[in-house]
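Asks: Before we start, here is the structure in question, set down as structure tokens.
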Amino acid sequence: MEIKKVGVVGSGTMGSGIAIASARAGYETVVSEASEELLKKGLDSISRWLSKRIEKGKLTEEDKNQILSNVKGATDLADLGDCQIIIEAVFENLALKKEIFKKLDEICIPETILASNTSVLSIIDIAVATKRPEKVIGMHFFNPAQTMKLLEIIRSIVTNDETFETVVAFGKLLGKEPVSSLDRCGFIVNRLMFPYWLEAIRALEGGVATVEDIDKAMMQGVGLPMGPFTLMDFSGLDVTLDVANALYEEYKDKKYAPPILLKKMVAAGHLGRKTSKGFYDYKK
Ligand SMILES: NC(=O)c1ccc[n+]([C@@H]2O[C@H](COP(=O)([O-])OP(=O)(O)OC[C@H]3O[C@@H](n4cnc5c(N)ncnc54)[C@H](O)[C@@H]3O)[C@@H](O)[C@H]2O)c1
């Protein structure tokens, strides 16, 4: 199936980035939000990002106008009804995602593929809210979605080959490098990265080394661009705790158990960059 029109549900951090990637690849892209106010916020953030690219000399004013002309906003999901693919990027809440997939299933043409950008929820749990579970799939973009190349594509146990192949081809046309994962919590990246992140916190709790020295060791010893504490602060410690809890819930393996320090920091509201305090202090 040829994809011509793309729907994106949610224009927060991920939805706005996915919309940029889609519009930049030349697709007519409809972004839906819960209210006019939130939609304006999302569309403004898209425009701001494109302007910054112009300032950096990576884009021309003409490119920006071309990309923006491919983006339309909506507050009614019915405006997405004739899209060939819709990527959902709303809050990480199973009940909300199921409600949206149920509505999309009712209003969309039979060909529409319904994708979720969920980080830890099970694709089959979302798919069963629809009458087209074989056309439901995971498309897990990485933040910022408009620049990060990796795209994890997740088939549930009932996703059909045609849906999978269409989404792989579409991902490549967005300029992404698709990898395929089974519908298992954490997919590939979070499943492998979380034991390392959580072990870094346990090493800190155990007095093995300081935040700064653990970050420095992993950057200079392993060649990583960022140490674990810098990256966790960037992602948000609340999100880190949610993902660790979901992994632990699924596998019941103590390597995924959230360390006490992480729980206490989240309880204290020390969530990383977004609250100016996490493992590092950003108030200075
Ligand atoms: N932030 C990340 O680093 C990251 C990375 C990969 C995947 N994800 C996943 O992507 C999804 C979105 O995360 P985010 O960080 O962009 O969240 P976010 O809070 O920045 O954005 C979510 C957006 O969804 C909107 N929304 C809520 N209900 C809606 C509805 N009924 N209709 C339309 N829009 C609605 C909200 O108004 C909000 O703007 C989550 O499932 C998350 O787990 C996040």
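The values are calculated or read from the model by the stated rules, or taken from the named source; none is laboratory data. Here the structure is a predicted model, which means the values were calculated and not measured. For neighbour counting, all protein chains shown are included, and Cβ atoms are generated from backbone atoms with ideal geometry for every residue, glycine included.
Asks: Please work out if Leu50 is farther than 30 Å from Arg155 by Cβ, of a type in the set (A, V, I, L, M, F, W, C) and at pLDDT 95 or above. Show your work before the answer.
Replies: Values: farther than 30 Å from Arg155 by Cβ: yes; of a type in the set (A, V, I, L, M, F, W, C): yes; at pLDDT 95 or above: yes.
Against the criterion (farther than 30 Å from Arg155 by Cβ, of a type in the set (A, V, I, L, M, F, W, C) and at pLDDT 95 or above), Leu50 qualifies.
Asks: Just name the residue that is nearest to Gly12 (Cα to Cα) out of those in the stretch 31-71 that are crowded, with 19+ Cβ neighbours inside 10 Å and within 11 Å of the ligand (Cβ to nearest atom).
Replies: Filtering first and then ranking leaves Gly42.
Asks: May I ask you to list the residues in the stretch 22-39 that are closer than 16 Å to Asn70 by Cα and charged (D, E, K, R)? Explain how you work it out, then say what you get.
Replies: Applying the first criterion (closer than 16 Å to Asn70 by Cα) to the stretch 22-39 yields 22-32, 39.
Across the stretch 22-39, the qualifying residues are Arg24, Glu28.
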